[in-house]
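First up is the structure itself, then whatever we jot down about it.
The values are calculated or read from the model by the stated rules, or taken from the named source; none is laboratory data. None of the values given here were measured: they were computed from a predicted structure. Cβ atoms come from the backbone with ideal geometry, glycine included; neighbour counts cover every protein chain shown.
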Amino acid sequence: MNWRAVGCGTLAIAAFVLLGIWGIWRATAPPACPDRLPSSPAAYQPAGEVGDRPALEGVDGDLVRGGSTSFGLASWVVWVEPRVAPAASGDPLPPRIVLECGGGFRPYQRDTR
């Protein structure tokens, strides 16, 4: 048995596995809320601080789950007003949304620039 080949093979496997784990760790959703949410047709900017329940300024009723949005491998649950909830997964998000992120809920507003 060639011990040099076994040692090199073991090092190659270990490096491959560690590099794969590092890549998956970098691609998953961050624990905090994003500073900017790229989406179509426009990006969303934060419109408030993280709260303990999904809420939008000026909306008295409860928000409903409007699906999820993702960027790369990161994915967040989206909460919207009941009257503007997307009917299908391909429908655009309303101008104001709330993301479930960072251990709470943060409101976002479509960037109008």
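Things to note:
- In the stretch 78-94, the residue that is modelled with the lowest pLDDT out of those that are surrounded by 13 or more Cβ atoms within 10 Å (Cβ to Cβ) and touching a Ser or Thr at 6+ places or on another chain (Cβ under 9 Å) is 93.
- The criterion of at least 3 residues that are without any contact (Cβ under 8 Å) to a residue 24 or more places away in the chain is met by the following strands (runs of 3 or more DSSP E) wholly inside the stretch 35-97: 64-71, 74-80.
- Which numbered condition residue 102 fails, given (1) over 25 Å from residue 25 (Cβ atoms); (2) out of contact with any Phe, Trp or Tyr (no Cβ under 8 Å at 6 or more places or on another chain): (1)
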